[in-house]
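Student: Structure below; questions to follow.
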Amino acid sequence: MFPNSILGRPPFTPNHQQHNNFFTLSPTVYSHQQLIDAQFNFQNADLSRAVSLQQLTYGNVSPIQTSASPLFRGRKRLSDEKNLPLDGKRQRFHSPHQEPTVVNQIVPLSGERRYSMPPLFHTHYVPDIVRCVPPFREIAFLEPREITLPEAKDKLSQQILELFETCQQQISDLKKKELCRTQLQREIQLLFPRMFPYFACPLESRLFLVGSSLNGFGTRSSDGDLCLVVKEEPCFFQVNQKTEARHILTLVHKHFCTRLSGYIERPQLIRAKVPIVKFRDKVSCVEFDLNVNNIVGIRNTFLLRTYAYLENRVRPLVLVIKKWASHHQINDASRGTLSSYSLVLMVLHYLQTLPEPILPSLQKIYPESFSPAIQLHLVHQAPCNVPPYLSKNESNLGDLLLGFLKYYATEFDWNSQMISVREAKAIPRPDGIEWRNKYICVEEPFDGTNTARAVHEKQKFDMIKDQFLKSWHRLKNKRDLNSILPVRAAVLKR
């Protein structure tokens, strides 16, 4: 995907390679004869020359074709080439008349084992083990367990289920985002040594895919959220979001605009409370938001993922409610309404507070799995350690959607209560400044902040409450999803 992704340098130290269980990519399998040939080539080749030929150029400089593989050229030929311009020594990748070159050969590497991944932006891919990526373990948790969808015996439940099956994020969608994350991580790791030369200890950077893409509540049209974690051993490098984070993202934004402009389009630096860089991947056409060291976003991604697969009614219900809120323009934190994260927490809270709960508090039952002290490279294991929750509540999806609208339209006390998934109940509002004069209070399960702080205008708050009340009345009378959400239009938007 990115030019620097084929440089012969491991993105992580061996120590990190041992602990990185975040994703998996299967290693390429080669025949015995291939490996013998490769070892022969490796022993007889000028390795420094081979490595130099792997590098691509940015901008308008195009690599040119070489006539034969450098691995099989004599020393005289190599010495003759020393007088050629640098551009003349580079290879033209994927030329229809291209002969094998060093990057298409198998070169065994001593010491650590290295794995490869197809470049996202190349139409033809020849695997090799020179191109190094972390040995991500392929997506064992993409589908943490076999989960059957609930039965739908009534019209409303059937509509919800059909909408979910049509619009839910597919594994292929997630893999596209993961490919982009992997390639982009390589680029950023090459950038970081130049960004922080003044630290005594070397900084390590790691890019995490977070948010709806990974928490189980994504749709086909979900954007990708990325968290750039800057680490200084043994502790995380604490960045000030107003100063250091903006500085880091300014440099990343400049890198996107200059050296990666052929692969990334429309990069924008958004100077919000948590600053981000927004950009679009030209190949997958996925929009991304990138932040720096927003560690809580990584932790809550896997908490929500565990809830998503804990009970088979959770994901369809969340998806239809997000579609409903988006249709009625109350699902946009940038415009003073509810973020998708707050909406998901509201749904989970409702399912926890039913007379016969459908969900428990995971943080109470499994405190060791969801502790804020868990190291980041271990947080992905939490969903695998929690068994399915068996609820005695047999309500269908239609009844649960109706109950959700009724709960927030008529039962929840917005003035004095706070939504808490951590406690699995509504709790009194704190008296702190963050909660004072706020219209909606939704507790972040890890750091205790208000995820609904964007709702700071009474007009927007009244619009949200009014939509809950109107939709509840309409749905109660007609029992048809189209009465509150045009299903065909929602499907077209995916």
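Student: For the range 342-411, rounded, prolate or oblate, judged on the Cα gyration tensor with a ≥ b ≥ c (square roots of eigenvalues), a/c < 1.5 rounded, else prolate if a/b > b/c?
Tutor: prolate
Student: Something else: In what sequence, highest mean first, do 287-300, 374-387 appear when ranked by Cβ atoms within 10 angstrom?
Tutor: Per-residue Cβ counts within 10 Å, averaged per peptide and sorted highest first, yield 287-300, 374-387.
Student: Once amide H atoms are built 1.01 Å from N in the peptide plane, which residues 5 or more positions from Ile276, or in another chain, come under 5 Å H to H?
Tutor: Amide H neighbours of Ile276, under 5 Å, 5+ apart: Ile270.
Student: Separate question: Which links in Lys254/Lys282; Lys177/Lys242; Lys155/Lys476; Lys242/Lys278; Lys425/Lys476 stretch past 19 Å when you go from one Cα to the other?
Tutor: Violating the 19 Å limit, Cα to Cα: Lys177/Lys242; Lys425/Lys476.
Student: How large a share of the accessible area of the range 267-413, in percent, is made up of carbon and sulfur atoms when the probe is 1.4 Å and the other protein chains stay in place?
Tutor: The nonpolar share, carbon plus sulfur, comes to 50 percent.
Student: For the range 304-364, what class follows from the C-alpha gyration tensor (a ≥ b ≥ c being the square roots of its eigenvalues): rounded when a/c is under 1.5, otherwise prolate if a/b is larger than b/c, else oblate?
Tutor: Prolate is the answer for the range 304-364, as a/c is 1.5 or above and a/b outweighs b/c.
Student: Still on this structure, please answer the following. Quick check for you: with a 1.4 Å probe and neighbouring chains kept, what is the accessible area per residue of the range 389-494, in Å²?
Tutor: Solvent-accessible surface per residue comes out at 53 Å².
Student: Based on the alpha-carbon gyration tensor of the range 331-374 and its eigenvalue square roots a ≥ b ≥ c, which shape applies: rounded if a/c is under 1.5, prolate if not and a/b is larger than b/c, or oblate?
Tutor: Oblate shape, in that a/c is at least 1.5 and b/c is the bigger or equal ratio.
Student: Scaled to the compact-protein estimate 2.2 N^0.38 Å, what is the alpha-carbon radius of gyration of the range 357-494, rounded to two decimal places?
Tutor: 1.26
Student: Between Asp332 and residues 5 or more places away or on another chain, which pairs have amide H atoms under 5 Å apart, with H built 1.01 Å from N, and which residues are they?
Tutor: Thr337, Leu338
The values are calculated or read from the model by the stated rules, or taken from the named source; none is laboratory data. What you are looking at is a predicted structure, and each value in this text was computed from that prediction instead of being measured. Neighbour counts are summed over all protein chains in view; Cβ atoms, including those assigned to glycine, are modelled from backbone coordinates with ideal geometry. Please note that ligands, DNA and RNA were not included when accessible areas were found on the heavy atoms of the full protein model with its side chains. Shrake-Rupley method; radii C 1.70, N 1.55, O 1.52, S 1.80 Å.
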